[in-house]
Amino acid sequence: MDAETLKAACLELTGAVETFPFNPETSVFKVGGKIFAISTLDAVPLTVSLKCDPDLAVRLRDQHPEIVGGWHLNKRHWNTVRLDGALPDSFVREMVEDSYDLVVLSLSRSEQRRLDWAGLRRRDG
């Protein structure tokens, strides 16, 4: 996955915005004011830090050398993923969506409704 595809994958999620709170080079993708992805899009190699369920985070790190504990983040809840072509784009996209879902899950129900979040629709079903 290249930087343009990563950025598009993050921004196509409902309510997602790109911000630059740390510096002009680091893209921070948020939903409801909370971070779900961080990347320096012009870095080589390209990496992205994503929220992850703690148990799944450990399993992913064990299975994929491209996935490590979140760089400068709480390693229990964040993974940093090297995007050097070893992982399929579809797999990276799933991790981005999972990160987004974890953040949206932490938002108020009214905010989830405003986003028309699929997870809420499944629960209200």
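Every number here is computed from the coordinates shown, using simple stated rules; none is lab data. On a predicted model such as this, the values are computed, not experimentally measured, just so you know. All Cβ positions, even for glycine, are placed from backbone atoms using ideal geometry, and neighbour counts span all protein chains on display.
What the table below lists for this structure:
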item: Label point at ALA118 placed 7 Å out along Cα→Cβ; residues across the stretch 1-20 whose backbone nitrogen lies under 20 Å; result: 5-17
item: Dipole axis of the stretch 1-51 (+1 Lys, Arg; -1 Asp, Glu on Cβ), positive-most option in ALA16, LEU46, THR5; result: ALA16
item: Fully extended contour minus Cα-Cα distance, from PHE20 to ASP84, at 0.36 nm per residue; result: 20.7 nm
item: For the stretch 34-88, the Rg and Dmax computed from alpha carbons only, in angstrom; result: 10.6, 30
item: Cα-based reach from LYS7 at 21 Å (exclusive), listing lysines while leaving out same-chain residues under 8 positions away; result: LYS30, LYS34, LYS51
item: Extension gain from LEU41 to ASP2, taking 0.36 nm per residue of separation minus the Cα-Cα distance; result: 13.2 nm
item: Helix runs (DSSP H) in the chain reaching 18 Å along axis by Cα, Kyte-Doolittle at least -1.0; result: 89-105
item: FRET efficiency for SER108 and HIS64, using Cβ-Cβ distance with R0 set to 35 Å, rounded to 0.05; result: 0.55
item: Cβ charges +1 (Lys, Arg) and -1 (Asp, Glu), total dipole of the stretch 1-97, debye; result: 440
item: Whole-Hz ³J(HN,Hα) from phi, Karplus 6.51 cos²θ - 1.76 cosθ + 1.60, for the stretch 78-84, glycine and proline x; result: 10, 10, 10, 10, 7, 9, 10
item: Tail fraction, Cα-Cα pairs, the chain, threshold 19 Å, whole percent; result: 45
